[in-house]
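The values are calculated or read from the model by the stated rules, or taken from the named source; none is laboratory data. Please read all numbers here as calculations on a predicted model, not as lab measurements. Here the Cβ positions follow ideal geometry from the backbone for every residue, glycine too, while neighbour counts run over all protein chains shown.
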Amino acid sequence: MSTYDLKRLEVAIQYIRRMSEGKNPVSNRPAPENEVLNNVNVHRCLKFIDEVLTDVHKSGGSVGLHAQKERKPKEPVSQTFPYEILDRYEYVQDQQISYLLRQLEEYLPEGSKMPVPATLITTWLRENGYLEIKAVNDTGKENSVPTTKGEDLGIYDERAGVYPNEYYRVFYNENAQRFIIQNFRKILTEAEAIRERNRRERKSSPSPAGRSRSSSENQHMSPAPAPASSGASRPAPSAPGNEGYREELPQEYYDMLSQGWQAADDDVPW
């Protein structure tokens, strides 16, 4: 924040106002017609500066950022998700959780995006014993795979990739998909509570060694799979509450386009 002398501001405002009126700022007499002060762009500029300096003076000579408005907390997706769209679900094929969510996205209003991340579903499945973390091979990379309980539900995995970049792709059959659809509200509500609990535990953990181990584990995460037609896969984000886990998401989830921006060329910005 900067502070300016009020007396000097008052004089500056007075001079600017005189010049914006086409007058000599010191003598306050009309300036000759051929002087630059009568140029329309200069006139507009000076009027703009007049407004700025007036605002600075009104604020007591202080210039700085205004306090940001307090943002309202974002409503949890468990409360805002349009559960009525689940009535339109029909089994198509065995598929990964991200593709199931993509199918549900088709039932949303046009232009809407699926607000539920796949990791929210898989977090709940791990917490309730349907999935577990397993080392893929001797590289130490880890992946989620179904437990016996998960297999009984209809979750199964397939090994993919080439050593040392192998990983498990987890699929859900019709029974497993319908289980998720029928328990969708419960899954979202409890998964959000689990995520918040894990966040608090990580925040309150005072152990630098624990944080160091977590960082080390991140270096051994398995890569996310890519569709056959895509290029090399990129690492997926860790699931909440499990720093060593990678969710199997399709390649297009990680292909982001960046676009530059240029201001319009305006000779008279005022």
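Tabulated results
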read-out: Index of the failed condition, residue 189 passing every other in (1) free of Cβ contacts under 8 Å to residues at least 60 places away in the same chain; (2) within 25 Å of residue 80 (Cβ to Cβ); value: (1)
read-out: Neighbours by Cβ (under 8 Å, 6+ apart or cross-chain): first from the range 98-124, closer than 16 Å to residue 80 by Cβ; second of a type in the set (S, T, N, Q); value: 105/112; 115/80
read-out: Near pairs, Cβ below 7 angstrom, 6+ apart or cross-chain, from the range 12-33 (closer than 24 Å to residue 56 by Cβ and at pLDDT below 80) to any residue that is surrounded by 13 or more Cβ atoms within 10 Å (Cβ to Cβ) and aromatic (Phe, Trp, Tyr); value: 25/15
read-out: Index of the failed condition, residue 41 passing every other in (1) modelled with pLDDT under 75; (2) outside any helix (DSSP H, G or I); (3) not aromatic (Phe, Trp, Tyr); value: (2)
